[in-house]
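*Asks:* Next up is a structure, given as structure tokens.
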Amino acid sequence: MMTPEEIVFMSEELIGVYESLEDDLIRNVAKRFSVLDEITPDTVAAWQAEKLQQLGALNKENLKTIKRYSRKTSREISRILHDAGYQAIELDERIYKEAYSEGLLAAMPVPAAASPVLQQIIRGAIDNTRSYFNLINTTALQSAQNSFLGIVNKAYLETSLGVTDYNTAVRNAVRELADMGITGVDYISAAGRHTRNQVDVAVRRAVVTSTAQTAGKMQIQRAKEWGCNLVEVSSHMGARPSHAVWQGRIYSIEGSTAEYPNLITVTGYGTVTGLCGVNCHHSFYPFFEGISEQRYKPYDLKENARVYEQSQQQRALERSVRAEKRRILAADSAGDTAGKHAAQLRLKEKEARLKQFIRDTGRTQRTARQQVMDFGHSQASQAVWTARKAASFQSLSGMTTSNGIVVSGASNHFGQRAIQRGISLADVRDALTNPLGIGNIRIADNIRSQEFTGGIARVQINPDTGNLITVWKTSAKLRNKLKGGR
Ligand SMILES: [Zn+2]
């Protein structure tokens, strides 16, 4: 099983691989043209015939390029989906087990690893994503061929009709190739809009969306298996406006109440435009009244819209930088030195503009890694889980220690130390009610403290206020010594 960091790393690598694939395909096409050739309106027909004969060789070369890149990807996609899905489940599982031990859930289902429905969801997701990647590959091959034919036909027409000279025609056509990029897949939005997507964009969306969708499907299935009906949806500043209206709230998976409206009706969960749909950064977690503390909150819609607008401007600037890079490599392949230099100057200017925008807005520059990290679903939930777990130590307040101190509360610091040191709520309770030893009261900086040593945890409490101060693991040596002395 991969760690959350490894999942991010692998997704990033996969997206990087497809960016290079697109570059290679553009190069394969562009290098078959030379702006230095001397072609006149009289010889351009022969030139066209010669170029058309190269089509077979181009396709063969492109197929080889695609194969080289996609050999590894199928296996990696399976791993990413599998591990991301089970990791989301595993984090929820700890919340379920706590709810179960608190008597909020009636029964424990079969372990997640043994659930046949979860296995089906993973298998289905892997199959879907693999065929989607096959479609991306096929479309890319076709798109490269169409681009090549487009350049041949345009240069032929413009040169033979005398619209422009051959060299200018090829130069412009190659630049258009760079601007269009290689199409990965045609995408039809929910509004029925038909969009051409470049290979790298299509791949990023495929990885990000299928990971989020698979995790979501598995989480909902597991919620049903446990008999949990409430989920908390995450929130972040700068969410797309149509998602900002429902983020950071608690929903019912089935049915609805005045307090907890229905998840599917409100968030559009399961649709391309809704929660866990295309490019959605949101996730959700099981929620239990009584033990769960709401972690996320809705954001002010106006402020959110402003930040969202900035993020869109940043994307546009990032895209313009990548576009100049493609122009450089296409011009270079076609022997267009002047075009290459012009693009290099524009690249510098656009990179500077992006940098300035980042400085002005105080936003952060995103590397490929950060773009993937935005979707670090499992990492986000890891943080949420830790915060929840730390807060759960609050529930110790009100209990009485073996020598009669009433516990008044536990700071967040106390909870975090306990988690870091692998100490559970039950271990702390055991140390306080059933200690192997109780230390003398010590005074430091006018604060009195007393230490309770249990079999697993050593807990420090302020005997005057009842506040839990900190906690350590009981060493085997100390445990044996106290047990022997009993
Ligand atoms: Zn979203």
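*Asks:* So if we plug the beta-carbon distance of residue 291 and residue 74 into 1/(1 + (r/R0)^6) with R0 = 35 Å, what FRET efficiency do we get, rounded to 0.05? Mind dumping the intermediate values first?
*Replies:* On the way: r = 42 Å, r/R0 = 1.20.
Given R0 = 35 Å and the Cβ-Cβ separation, E is 0.25.
*Asks:* Taking every pair of alpha-carbon atoms in segment 303-349, what share in percent sits in each 10 Å bin, from 0 to the bin with the longest distance?
*Replies:* Result, from short to long distances: 28, 35, 20, 13, 4 percent.
*Asks:* Let me spell out the model: positive unit charges on the Cβ of Lys and Arg, negative unit charges on the Cβ of Asp and Glu, origin at the Cα centre of the chain. What dipole size does that give, in debye rounded to 20?
*Replies:* Working: 62 positive and 49 negative charges, 237 e Å.
Rounded to the nearest 20 debye, it is 1140 debye.
*Asks:* Can you sort 405, 151 by how many other beta carbons sit within 10 Å, fewest first? Mind dumping the intermediate values first?
*Replies:* Numbers: 405 18, 151 23.
Ranked by crowding around the Cβ, least crowded first: 405, 151.
*Asks:* So if we plug the beta-carbon distance of residue 54 and residue 237 into 1/(1 + (r/R0)^6) with R0 = 30 Å, what FRET efficiency do we get, rounded to 0.05?
*Replies:* Efficiency for this residue pair is about 0.05.
*Asks:* What is the magnitude of the charge dipole of segment 404-486 about its Cα centre, with +1 placed on the Cβ of each Lys and Arg, -1 on the Cβ of each Asp and Glu, and no other charges, expressed in debye to the nearest 20?
*Replies:* On the way: 12 positive and 5 negative charges, 90 e Å.
The calculated dipole for segment 404-486 is roughly 420 debye.
*Asks:* Further question: Along the charge dipole of the chain, which of 268, 168, 104 sits closest to the positive end, that is, farthest toward it, with unit charges on the beta carbon of Lys, Arg, Asp and Glu (+1, +1, -1, -1)?
*Replies:* Looking along the dipole axis, the top candidate is 104.
*Asks:* Same structure, new question: With a 10 Å Cβ neighbour count serving as the proxy for reagent exposure, in which order, fewest first, do 139, 433 appear? If you can, show how the numbers build up before the last one.
*Replies:* Numbers: 139 19, 433 13.
Taking fewest neighbouring Cβ atoms as first place, the list is 433, 139.
*Asks:* Looking only at Cα atoms, what is the convex hull volume of segment 108-170 per residue, in Å³? Walk me through the numbers on the way to the answer.
*Replies:* Numbers: hull volume 6.1 nm³, N = 63.
About 97 Å³ per residue, rounded to a whole number.
*Asks:* Taking segment 4-286, how much of its Cα-Cα pair set, in percent, is spaced more than 26 angstrom apart?
*Replies:* 56 percent
*Asks:* Extending each Cα 7 Å along its Cβ direction at residue 128 and residue 421, get the distance between those two points in nm, one decimal.
*Replies:* Between residue 128 and residue 421, the simple spin-label model gives 4.6 nm.
*Asks:* For the pair residue 480 and residue 265, how long in nm is the line joining their label points, each one 7 Å along Cα→Cβ?
*Replies:* The answer from the label model is 6.4 nm.
*Asks:* Describe numerically, in nm with one decimal, the distance between label points set 7 Å from Cα along Cα→Cβ at residue 256 and at residue 176.
*Replies:* In this crude spin-label approximation the distance works out to 5.0 nm.
*Asks:* Suppose R0 equals 30 Å; then what is the FRET efficiency for residue 346 and residue 42 from their Cβ-Cβ distance, rounded to the nearest 0.05?
*Replies:* Details: r = 35 Å, r/R0 = 1.18.
Computed FRET efficiency for residue 346 and residue 42 comes out at 0.25.
*Asks:* Whole-Å semi-axes of segment 1-123's equivalent ellipsoid, largest first, each the root of 5 times a Cα gyration tensor eigenvalue? Don't skip to the end; give the middle numbers.
*Replies:* On the way: eigenvalues 621, 37, 20 Å².
Largest first, segment 1-123 gives 56, 14, 10 Å.
*Asks:* Next question. Put +1 on the Cβ of each Lys and Arg and -1 on the Cβ of each Asp and Glu in segment 1-91; which of 30, 44, 11 then has its Cα farthest toward the positive end of the dipole?
*Replies:* My answer, from the dipole projection, is 44.
*Asks:* Rg to Rh for segment 397-484: what is it, with Cα atoms only and Rh by Kirkwood?
*Replies:* Values: Rg = 12.0 Å, Rh = 12.8 Å.
The Rg/Rh ratio comes out at 0.94.
*Asks:* For the chain, what does the convex hull of the Cα positions come to per residue, in cubic angstrom? Provide the component values of the computation, followed by the final result.
*Replies:* Values: hull volume 97.2 nm³, N = 486.
Spread over its residues, the Cα hull of the chain gives 200 Å³ apiece.
*Asks:* Along the positive direction of the dipole of segment 397-484 (beta-carbon charges: Lys, Arg +1; Asp, Glu -1; about the Cα centre), which of 408, 472, 484 reaches farthest?
*Replies:* Going by the charge dipole, the pick is 484.
Coordinate-derived values only; no laboratory data. Note that the structure is a prediction, hence the values are computed from the model and not measured. So basically every Cβ, Gly included, is an ideal-geometry build from the backbone, and we count neighbours across all protein chains shown.
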